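A short worksheet on the structure shown next.
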Amino acid sequence: MAKILMPIGDGTEALDTFYAYYRLPEDAYEVIVAGPEARLYHTVLHEIPPNPAVPWDITQERPGYHLRASTAFRDLNADDFAGAFISGGRAPEYIRYDRDLCRVVREIADAGKPIACLCHGIEILTAADCIQGKRFTTVPKCAMDGEQGGAIYTDEDVVVDGRLVTGRGYDQNTEVLKQFLRMLKEAA
C-alpha cells in the first residue's frame, strides 16, 4: 500500500486533517501521521462565528479531536512516500521551523510526487523552499506567505499547478482530494 505523509502538530485544523485521514485509505493509501515527536496531538476547529451584529475579522478557535503521530519528523524518509497532504490550522506556523520536516517535504516535491495543501499549510511549502514559480491558493491572510516563497497567489478556491494542488481551507476538501487522488494515480 502506497504511503502518504501527513505532517501535524498541536493546532492542526481538524476538518482539513480528518477528511483526508479517512478518505485516502478508501483508495488504498496508508496515511503516515508525523509530528515533531511521535505522540498524541491536539487538533482545533476554526470558524468565523455567524453573528453579523458583532463580526469577527479572524477565525475563532475551539478544541478538536486528538490524533496520534506515529513517527517523528527526524525519522522520515521521502523515498517511503507517494505524496504528502499538508493541513492548515496553527500548526504550520511552528512546525515549518523543523528542518527535518522541510527536508522531507522538499525531497517529495523535488521527486515530482503529488502534494496537496490547505490553508496555512502553504507556510510549510514556503519554508521547505519548494514552490517557486508555482500558482497557489490559500486563505487571503496567508497569500503573502506563499508569495515570499516565490509562488504566485491566485484568488480561487482550488488551484492545480503540476503535481501541487492547493485549497483555501476545509470547504475545498472534496475538490482538493479529488485532484490529489487523480495526481497520485497518474504518478503511480
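So the values come out like this:
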| quantity | calculated |
| --- | --- |
| So GLY121, is it buried (at least 24 other Cβ atoms within 10 Å of the Cβ), in contact with a His (Cβ under 6 Å, 6 or more places away or on another chain) and in contact (Cβ under 8 Å) with a residue 12 or more places away in the chain | no |
| Pairs, first aromatic (Phe, Trp, Tyr) in region 88-102, second in a loop (DSSP other than H, G, I, E, B) and crowded, with 24+ Cβ neighbours inside 10 Å, C-beta under 9 Å, six or more apart | TYR94/GLY9 |
| Region 50-88, residues that are over 22 Å from GLY167 (Cβ atoms), of a type outside the set (D, E, K, R) and out of contact with any helix residue (DSSP H, G or I) (no Cβ under 7 Å at 6 or more places or on another chain) | ASN51, PRO52, ALA53, VAL54, PRO55, PRO63, HIS66, ALA69, SER70, THR71, ALA72, ASN77 |
| Region 146-170, subset within 14 Å of the chain's Cα centre (by Cα) and part of a helix (DSSP H, G or I), residue surrounded by the most Cβ atoms within 10 Å (Cβ to Cβ) | GLY146 |
| Candidates PHE180, PHE81, PHE136, filtered to the one that is more than 26 Å from TYR65 (Cα to Cα) and among the aromatic types (Phe, Trp, Tyr) | PHE136 |
| Some residue of region 10-20 being of a type outside the set (Gly, Ala, Ser), assigned to a strand (DSSP E or B), surrounded by 14 or more Cβ atoms within 10 Å (Cβ to Cβ) and touching an Asp or Glu at 6+ places or on another chain (Cβ under 8 Å) | no |
| Candidates GLY11, GLY88, filtered to the one that is in contact with a His (Cβ under 8 Å, 6 or more places away or on another chain) and on the phi > 0 side of the Ramachandran plot | GLY11 |
| Residue satisfying condition, being surrounded by fewer than 23 Cβ atoms within 10 Å (Cβ to Cβ), in contact with a Leu (Cβ under 6 Å, 6 or more places away or on another chain) and not hydrophobic (A, V, I, L, M, F, W, C), within set LYS141, LYS113, LYS134, LYS185 | LYS134 |
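Laboratory data are not the source of any read-out in this text; all were calculated from the coordinates shown. Computed from a prediction, not measured in an experiment: that's the story for all the values here. Here the Cβ is made from the backbone with ideal geometry for all residues, glycine too, and neighbour counts use every protein chain on show.
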